[in-house]
Amino acid sequence: MTTIPALGGPTPGIAPARTPVASPGGFAVPAPAAPPRGAEAASALAPSAVLAGLLALQEEAEPQAVRDRAAWRHGRTMLTALAELQLALLAGPDEADDGGPARALARLGRLLDELPPAEDPALAGVLAAVALRCRVELARRR
């Protein structure tokens, strides 16, 4: 086994302190200011007020997200029911032991009646398209 020689000794974790060099432009770091009082102290508390407002807004938005998740899940269930209808139609009435197309159509009708509204406009559009497809299948088969 070959070894790799070390590149150097251990390096210190902290660089040695340097003495400040005055620049010809006269740049200097200002001395620390006194702690804020009065109106300045109130503005120092503003970030906590902003944080409280953001938390309140998040709590308001959370039910919308919950409703959208429920609508999304319901849409996925409707797509699954459409796929089951397709399989039942392909299997034929004699080969299906689970009720065939009639059972799949009944489930599709129930899911269409229970469709929850979505808050997100994009999700609402997708759910409307899925619901339309369900209505078309129900109208064709009844």
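Readers should treat all values here as calculations from the given coordinates under stated rules, not as data from a laboratory. Predicted model, so just to flag it, every value in this text is computed and none were measured. No Cβ is skipped: glycine too gets one built from the backbone with ideal geometry, and neighbour counts run over all protein chains shown.
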Ordering of 73-79, 63-69 by burial proxy (mean other Cβ atoms within 10 Å per residue, highest first)
73-79, 63-69
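Write down Rg/Rh for region 60-141, rounded to two decimals, with Rg from the C-alpha atoms and Rh from the Kirkwood relation over Cα pairs.
Details: Rg = 14.4 Å, Rh = 13.4 Å.
Ratio of gyration radius to Kirkwood radius: 1.07.
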